[in-house]
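**Q** Okay, here's the structure, questions in a sec.
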Amino acid sequence: MILTFALTSGFQSTISHKVFSFWGHLRVQQFQPNKVTIAEEAPIEKNDTVEQILRANKEVKTIQSFATKNAIVKTTDAVEGVLFKGVEKNYNFNNLSDFLKSGTWMNFPDSGYSDQVVLSEYTARQLSLKLNDKILIYFIQPNGAPPRPRKLTISGLYRSGIDEYDKLIAICDIRLIQRLNDWRPNEIGGYEIFLADYTKMDTVASDIFNRLPQNWNIETSKQLYPNIFDWLNLQNQTVVLVIIVMIIVAILNLITCLIILVLERIKMIGILKAVGSRDSSIQGVFLYHGAIITVLGILGGNIIALSLSWLQQRYGFITLPEEAYYISTAAVDLQWWHVLVVDAGTFLICFLTLRIPTLIVKRVQPVRAIQFR
């Protein structure tokens, strides 16, 4: 049970972290009702008043500007469509540090824009590209205007394990997108917001939405990627099912164990009754021994579960197909309260279950029990 909670919690938190790392927990931008989930944004002006409103919420940890633009990366052998995400010089790359597999993030010059880009390993492999290669990129322009070509250098390669990112997103300097879109320096695509506690996304989003300027909108990552979070929520139902099966099996084993224990001591029960022992006293003896077995089982289970959890965290011997589960090794997130709840619940269920076989004691007749073979 402890391992079930640890593995499920680790799986959910790791996938959630990957989803949040690229777009934050919340995203503020201009309201566009007919816009698809991931597409270019209409420009909004950086607004100190809005930023103060965002920071006023105690749950808001980081606010970062971004903008996106569609492009085509072309080589002599292949063509790939890419969504470029532009970020500022002060962008916090710590959220993405686990994904950078080789190279570095872009260098941001004091003037102009960076001519470097970070591609996914998937895109680089499809186009037969490697670090420090120069690539020609055609940025799609609106209203049928000819694409604008730019030659950029690959400074780094990332892999998140999430196809929605790896097959689509490249990271660049936001000033490049501003120039391609003929935006002013203070115009951006929107703000991405990171919270101290991501479980409060819906509450924070509702609070901030009522304070935003007209025609501005805020969305949570759950709204942007509902399929991923629906899939993660299904894991909770799986955990409940597994725990129920474990409890049923445990109860059956406990009852069988104690019935055998009682039947092996039928003669002893008859003698005790014959010398005047009460049924409750005899039942207490079996409950005492059952409790010892339960406590030893709980301690043994804790040792095994904690040891396996530590080994998995250290060595990652349980592997998963990344293309199916978004992670290559099973993640473990062991919470102390998980252990406490499992131990307390197990002891309570076991103690109540152990009382069932002891009811046999009341039906034992001393004369027949002493003759029992």
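**Q** Give me the pairs: first residue in region 178-203 and over 19 Å from residue 141 (Cα atoms), second residue exposed (fewer than 12 other Cβ atoms within 10 Å of the Cβ), beta-carbon distance under 6 Å, and six or more apart or on different chains, which are they?
**A** Final answer for the pair search is 186/45.
**Q** When you check residue 89 against the structure, is it charged (D, E, K, R) and either open to solvent by less than 50 Å² (accessible area, probe 1.4 Å) or touching a Leu at 6+ places or on another chain (Cβ under 8 Å) (or both), yes or no?
**A** No: the conditions fail for residue 89.
**Q** Contact list please: Cβ distance under 7 Å, first residue in region 142-168 and polar (S, T, N, Q), second residue part of a helix (DSSP H, G or I), pairs at least six apart or on different chains.
**A** Cβ pairs passing all conditions: 160/18; 160/166.
**Q** Residue under question is residue 277, and the condition is that it be open to solvent by less than 80 Å² (accessible area, probe 1.4 Å) and free of Cβ contacts under 8 Å to residues at least 12 places away in the same chain; does it hold?
**A** Considered against the rule, which asks whether it is open to solvent by less than 80 Å² (accessible area, probe 1.4 Å) and free of Cβ contacts under 8 Å to residues at least 12 places away in the same chain, residue 277 comes out as yes.
**Q** Still on this model: Testing residue 106 on (1) in contact with a strand residue (DSSP E or B) (Cβ under 7 Å, 6 or more places away or on another chain); (2) open to solvent by 30 Å² or more (accessible area, probe 1.4 Å); (3) assigned to a loop (DSSP other than H, G, I, E, B), one condition comes back false. Which one is that?
**A** So the condition that residue 106 fails would be (2).
**Q** Examine region 222-236 for a residue that is outside any helix (DSSP H, G or I) and under 30 Å from residue 32 (Cα atoms), and state whether such a residue exists.
**A** yes
**Q** Working only within region 296-311, note down all residues that are within 26 Å of the chain's Cα centre (by Cα) and either without any contact (Cβ under 8 Å) to a residue 60 or more places away in the chain or in a loop (DSSP other than H, G, I, E, B) (or both).
**A** 303, 304, 307, 310, 311, listed by residue number.
**Q** Let me ask something else. In region 1-17, what residues are open to solvent by 20 Å² or more (accessible area, probe 1.4 Å) and either small (Gly, Ala, Ser) or in a helix (DSSP H, G or I) (or both)?
**A** We begin by selecting, within region 1-17, every residue open to solvent by 20 Å² or more (accessible area, probe 1.4 Å); these are 1, 3-5, 7-9, 11-14, 17.
Correct list: 3, 4, 5, 7, 8, 9, 11, 12, 13, 14, 17.
**Q** Go through the residues of region 38-47 one by one and say whether even a single one is modelled with pLDDT of 85 or more, farther than 19 Å from residue 162 by Cβ and buried (at least 21 other Cβ atoms within 10 Å of the Cβ).
**A** Yes, region 38-47 has at least one match.
**Q** Can you name the number of the only condition in (1) crowded, with 16+ Cβ neighbours inside 10 Å; (2) more than 30 Å from residue 230 (Cβ to Cβ); (3) in contact with a Phe, Trp or Tyr (Cβ under 9 Å, 6 or more places away or on another chain) that residue 301 fails?
**A** Only one criterion is unmet by residue 301, namely (3).
**Q** Would you call residue 122 on the phi < 0 side of the Ramachandran plot, assigned to a helix (DSSP H, G or I), surrounded by 13 or more Cβ atoms within 10 Å (Cβ to Cβ) and of a type in the set (Phe, Trp, Tyr)?
**A** yes
**Q** Same structure again: Taking the condition of being surrounded by 14 or more Cβ atoms within 10 Å (Cβ to Cβ) and in a helix (DSSP H, G or I), how many residues in region 259-270 meet it?
**A** Number of matching residues: 8.
**Q** How many residues does region 225-258 contain that are over 30 Å from residue 16 (Cβ atoms) and open to solvent by 60 Å² or more (accessible area, probe 1.4 Å)? Let's see the steps before the verdict.
**A** Here is the first cut: in region 225-258, the residues over 30 Å from residue 16 (Cβ atoms) are 248-258.
Those still in the list that are open to solvent by 60 Å² or more (accessible area, probe 1.4 Å) too: 248-249, 252-253, 256-257.
Qualifying residue count for the region: 6.
**Q** Same structure, new question: Among the listed residues 266, 248, 255, 244, which satisfies the condition of being touching a Phe, Trp or Tyr at 6+ places or on another chain (Cβ under 6 Å) and either at pLDDT below 80 or farther than 18 Å from residue 360 by Cβ (or both)?
**A** None of the other options fit; the residue is 266.
**Q** Then there is this: If we only count helices (runs of 4 or more DSSP H) wholly inside region 146-213, which ones have 1 or more residues that are at pLDDT below 90?
**A** Once the helices (runs of 4 or more DSSP H) in region 146-213 are filtered for at least 1 residues that are at pLDDT below 90, what remains is 163-166, 201-209.
The values are calculated or read from the model by the stated rules, or taken from the named source; none is laboratory data. As the structure is a prediction and not an experimental result, all values here were calculated from the model. Counting neighbours? That spans all protein chains shown, and the Cβs are built from the backbone with ideal geometry, glycine included. Note: accessible area is taken over every heavy atom of the protein model, side chains too, but ligands, DNA and RNA are not part of it. Shrake-Rupley method; radii C 1.70, N 1.55, O 1.52, S 1.80 Å.
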